[in-house]
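Take a look at the structure below.
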Amino acid sequence: MSVARTIRTGLNTAKMGEFVFNLIFGLGELLIAVVWDFFIPVVCYFTAVLLVPAATFGKVTVRYPKISGKMGWGLQHAIDRSAEGKIILSPALGAIIGLALWSLAVAVLLQYFSLTSPDIRAIQASNQS
């Protein structure tokens, strides 16, 4: 009887471990979804709102274009021109531009830190001798 009780307890422990694992995995997946679907687009959009006009000296802005009555496909609704001659990019296009700017910044930082790493300098010194 004690062997059966041990087996039954072991199975419950295994199921409990699986439950805890699935719970932690599900919460991690939810956190990644929230970051990917909300945080990253918001940060990228506001990056574009700040940097695109500064980089183009005010000739391009990121905001909602005016609603036009004509039909259009693709980028016709993403890029518009204001009465003052400024180019207006839609928020979705601004978020894509912001993501590209952050990707470029991360790539530059990775390249800088990989070239200034003490390990790289040691490898280069050993290759020269």
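Quick note: the coordinates plus some simple rules give every number you see, no bench work behind them. What you are looking at is a predicted structure, and each value in this text was computed from that prediction instead of being measured.
Here are some notes:
- Per-residue 3J(HN,Hα) values for segment 106-120, derived from phi via the Karplus relation 6.51 cos²θ - 1.76 cosθ + 1.60 with θ = phi - 60°, read 5, 5, 5, 5, 4, 5, 4, 6, 6, 7, 9, 5, x, 5, 5 Hz in sequence order (x marks Gly and Pro).
- Amide H within-cut-off set for R63, under 5 Å, with H built and near neighbours excluded: L89
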